[in-house]
Amino acid sequence: MAMTHTTTSAGPGDRLAPWDLLEKVSLLATSPLLEIAPRLQSALLPAIRCSALLIFTEDCTGRPQKKAGDESITSKASVEELERIRRSHPEQVRWRATDLIAGSQREILVLRYLPSNALLVLVDPAFGEAPVNHADSRDLLDYLWDLTAARIREKVADAPPSYLRESRAVSAERTRVTTELVDQFSASLDALLATLRSGQIADAPARQKATEWAANTLVGLRTLDDRTNGLVEEPVGTAFSRLRDDLRPLSEAGEVELQFIEPPADGRALPGEVAHAARSIIRGLAMAMMEQPQIQRIRTQWDCDGKNLLINVRDDGFGTLDHQAPVVQRLQRQVQALKGTLNLSAIAGWGTEVAVALPLDAPRSSAVDVAHWKLATREFEVLKLLASGQGNRAIAAELRISENTVKFHIRNLFKKLDVHSRAEAAALAHSRGLMDAS
């Protein structure tokens, strides 16, 4: 007889049934990255409740924050706040505190995932009744958080084409907006500092205090710019060291010698999605090459011509690997997602050589037809202003409509574009060449 079950929403005093928990674990274990935070928040109910759930992981260079819950908190929580919270307890894996988050002092429960140093922050946490068979709610939280963090690492390490495309678009847009803001405010502060230092203001104490404020603010802005770039880029030496660490188990477990030719130490930093893709591609090639008979050595090399990451992988096998192999087809899709090229040369009896070139910068996209979004004229105008970095108030002033009307249009945009945040909408608009067409 087939087993059936009915899923119901959990009330305040409800206890999570075993079948419901297994279903939530399954959804979490297979979750796409965009949905992983709300799925984790849902999986914790009714054992653990919170007004907002925040994940901070530098594995995801394009979107280091993943959020669910109260929008008044999730929309204001910043990377700087989460990083400060993480630094506040460097040796701990779990702590509870009252700390500044989303601009206000709130009670938080924090968990760290040691393998990747990822952070989970529960805002206004509250523990309910025991979840399954009187198990400790804290044990459930530990288990589900470890599962979530491992899922994020797995998705990033696999670097599927969809992740690479989204990460590149979001990283580029985030860097662009931050750089524009830093440039704008730096220019104003530089002018203010020049005026203060000129001695034209008679009140010396006021001038000194204002000078210190402007100088500190300028340093903070430039630190923010450096931090943003650091989140979306990875030093080439660090990226290559991570590759060696990833492949060490393969080398130690078999009889194949893995050789690594170091990239130039002063090479250009790699965008995060390029570094992830490069490691995934080389892992896939190494595993495919090792399956060939009588192979003894695999040599991998990275180089950079200033515009592309150049990858070369060569084996001394029989030259049996070809373009039609499923693993090569999969890797080709990863390369194409970043507008790169992959060339494979196999010579019978001599071995196989694979050369990959991955552009370090996203190519300028040409304008394309976006009619399938079915945007109204006003929605189209709002999207272009949003993509240019304008806030709701500025958009309202530009279009001479109310902020509530702007919010209404943005909600409709999110539905039509199938996105969940302003950053995603802006990145999508730029990736479709919408701003080039304006």
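Results, tabulated for the structure shown:
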{"quantity": "Proximal charge balance of L285 [Cβ under 12 Å; K/R count +1, D/E count -1]", "calculated": "+2"}
{"quantity": "Within the stretch 274-343: Cβ-based charge dipole about Cα centre, in debye rounded to nearest 20 (Lys, Arg +1; Asp, Glu -1)", "calculated": "260"}
{"quantity": "Solvent exposure of the stretch 27-75 as accessible area per residue, Å², 1.4 Å probe", "calculated": "32"}
{"quantity": "Partners for K24 among lysines (Cα-Cα distance below 20 Å; same-chain residues under 8 apart left out)", "calculated": "K66, K67, K155"}
{"quantity": "Debye log10 I(q)/I(0) for the stretch 40-133, one point scatterer per Cα, at q = 0.16, 0.18, 0.20 Å⁻¹", "calculated": "-0.63, -0.80, -0.98"}
{"quantity": "For L360, residues with placed amide H under 5 Å, excluding near neighbours", "calculated": "N308, L309"}
{"quantity": "Order by protection proxy (mean Cβ within 10 Å, highest first), peptides 305-314, 273-282", "calculated": "273-282, 305-314"}
{"quantity": "Principal axes of the stretch 15-81: Cα extent on each, largest first, Å", "calculated": "38, 23, 14"}
{"quantity": "Total formal charge among the other residues, if their Cβ is under 13 angstrom from that of H409, Lys/Arg +1 and Asp/Glu -1", "calculated": "+3"}
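The values are calculated or read from the model by the stated rules, or taken from the named source; none is laboratory data. It should be emphasised that the depicted structure is a prediction, and the values quoted were computed from it without experimental measurement. A quick note on method: Cβ atoms are made from the backbone with ideal geometry, for glycine too, and the neighbour counts reach across all protein chains shown. Only protein heavy atoms, including side chains, enter the accessible area calculation; ligands, DNA and RNA are left aside. Shrake-Rupley method; radii C 1.70, N 1.55, O 1.52, S 1.80 Å.
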